[in-house]
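Here the structure is laid out as structure tokens; the discussion comes afterwards.
Derivation of every value follows stated rules applied to the coordinates shown; laboratory data play no part. Since we're looking at a predicted model, the values are computed, not measured. We place every Cβ from the backbone using ideal geometry, glycine too, and count neighbours over all the protein chains shown.
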Amino acid sequence: MVLLLRIDQGWNLAHFEIGAGYDQIDVNACTKADIRVSNVPTAVDDATADTNMFLILGALRGFNTSLFALRNGHWKGSPPPPLGHDPQGKVIGILGMGGIGRNLMKKASAFGMTTQYHNRTKLSDELSGGAKYKQTRHIISTAEFEKMKKGVVITNTARGAVMNEDALVKALENGQVWSAGLDVFEEEPKVHPGLVGNPHVMLLPHMGTWTVETQTKMEVWCINNVKSAIEKGKLMSPVGEQRDM
């Protein structure tokens, strides 16, 4: 949800995003037009990390095929699905170690997983919690899949465009990726037919923050941003590109 508000106390417009991500907003264009942009960064951390953990566990265990088999009267399936995998002892690679990534790391550690991560900058030891810093590219496509161990499990609750969906479909088909869990897609609400048709892919319709508690936190945060803009002439949580404005 996006809210635009005209402010006459020194600047023209404020642009408030009720969400942590703002990739759909051209921040540079807003800056040139003297439009301030604000989001609600940490309000979504728990709910999004919870969703990612759900997808990780479901994809690791291969639950998706049997969920459908059961509803169609075939119990586990005919034939039964391949055995799944336990999370204990597995390595989780987190692309983007912000609030959501660090939250996910803590949840994954409770399941006995260790973490490697990539971030724009290396985190302090305190923030990283001892996770190993791993330098990888931001865009995940064919070349990145080929570098991974065969049978890797992929989940995405960040932005659909982080991952090349065509490359993911091919990696699933050739077995390089064993299973996947996705909450975001490149062209929402359109979903790649190769993902929809693959029973080893768990799909959610962008529901990472779809809870009463998280939606309330986001809306209250946005309202407080509006109040701060009107009363103080500044935002509580400007996006990173505008912190020095």
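Quick one: what are the phi-derived ³J(HN,Hα) couplings along the stretch 89-95, Karplus 6.51/-1.76/1.60 with θ = phi - 60°, whole Hz, x for glycine and proline?
Couplings: x, 7, 9, 9, x, 10, 9 Hz.
Roughly speaking, what is the stretch gain from ASN28 to THR216, that is 0.36 nm per residue apart minus the C-alpha to C-alpha distance, in nm to one decimal? Write out the running numbers ahead of the final one.
Values: separation 188, 0.36 × 188 = 67.68 nm, distance 2.92 nm.
So the chain would gain 64.8 nm between ASN28 and THR216.
Which is the longest stretch in the chain that no exposed loop site breaks, taking sites as trypsin sites (Lys or Arg not before Pro) with a DSSP loop state and at most 12 other Cβ atoms within 10 Å? Mind showing how you got there, number by number?
Values: sites that count: LYS76, ARG120, ARG137, LYS149, LYS150, ARG243.
In the chain, the maximal stretch lacking such sites is 151-242.
Output ³J(HN,Hα) for the stretch 25-33: one whole-Hz value per residue in order, computed from phi by the Karplus curve 6.51 cos²θ - 1.76 cosθ + 1.60 with θ = phi - 60°, and x for Gly and Pro.
Result, ordered by residue: 10, 7, 5, 4, 5, 5, 4, 4, 8 Hz.
GLY19's amide H: which non-local residues (gap 5+, or another chain) put their own amide H closer than 5 Å, with H modeled 1.01 Å from N in plane and none for Pro or chain starts?
Under 5 Å from the amide H of GLY19 lie the amide H atoms of VAL40, each far enough along the sequence or on another chain.
In whole Hz and in residue order, list the ³J(HN,Hα) couplings for the stretch 149-163 that follow from phi through the Karplus curve 6.51 cos²θ - 1.76 cosθ + 1.60, θ = phi - 60°; x for Gly and Pro.
Result, ordered by residue: 5, 4, x, 5, 10, 10, 10, 8, 10, 8, 9, x, 6, 4, 10 Hz.
Using modelled backbone amide H atoms (1.01 Å from N, in-plane), which distant-in-sequence or interchain residues come within less than 5 Å of GLY93's amide H?
Under 5 Å from the amide H of GLY93: GLN116.
At 0.692 mPa s and 37 °C, plugging the Kirkwood radius over alpha-carbon pairs of the stretch 115-215 into Stokes-Einstein gives what diffusion coefficient in µm²/s?
Working: Rh = 14.9 Å.
The Stokes-Einstein estimate is 220 µm²/s.
Going Cα to Cα from LYS149, which lysines come in below 18 Å? Please leave out same-chain ones fewer than 8 positions away.
Once the sequence-local lysines are set aside, what remains near LYS149 is LYS90, LYS132, LYS134, LYS170.
Which whole-number percent is the relative contact order of the chain (Cα, under 8 Å, 6+ apart)?
Working: 386 pairs, mean separation 55.7, N = 245.
23 percent.
Using modelled amide H (1.01 Å from N, peptide plane; none on Pro or chain starts), what sits under 5 Å from the amide H of VAL177, excluding residues fewer than 5 places away?
Result for VAL177 returns GLY151, LEU172.
Which of the aspartates and glutamates could a cross-linker span from LYS150 if the Cα-Cα distance has to be under 15 Å and same-chain partners fewer than 8 positions apart are dropped?
Straight-line reach from LYS150, under 15 Å: GLU173.
Going through the cross-link list LYS107/LYS227; LYS122/LYS217; LYS190/LYS217, which pairs have a Cα-Cα distance over 31 Å in this structure? Intermediate results must be reported in sequence, preceding the final value.
Details: LYS107/LYS227 34 Å; LYS122/LYS217 29 Å; LYS190/LYS217 28 Å.
In this structure, LYS107/LYS227 exceed 31 Å between Cα atoms.
Per the Kirkwood formula on distinct C-alpha pairs, the Rh of the chain is how many angstrom? Please list the in-between numbers first.
Values: mean 1/r = 0.0507 Å⁻¹.
Taking every pair of different Cα atoms in the chain, averaging 1/r and inverting gives 19.7 Å.
Find the centroid of the Cα atoms in the stretch 25-52 and in the stretch 179-214, then give the distance between the two in whole Å.
Computed from Cα coordinates, the inter-centre distance equals 21 Å.
Multiply the residue gap between VAL91 and GLN116 by 0.36 nm, knock off their C-alpha separation, and tell me the result in nm, one decimal place. Mind showing how you got there, number by number?
Working: separation 25, 0.36 × 25 = 9.00 nm, distance 0.71 nm.
The span from VAL91 to GLN116 would gain 8.3 nm if fully extended.
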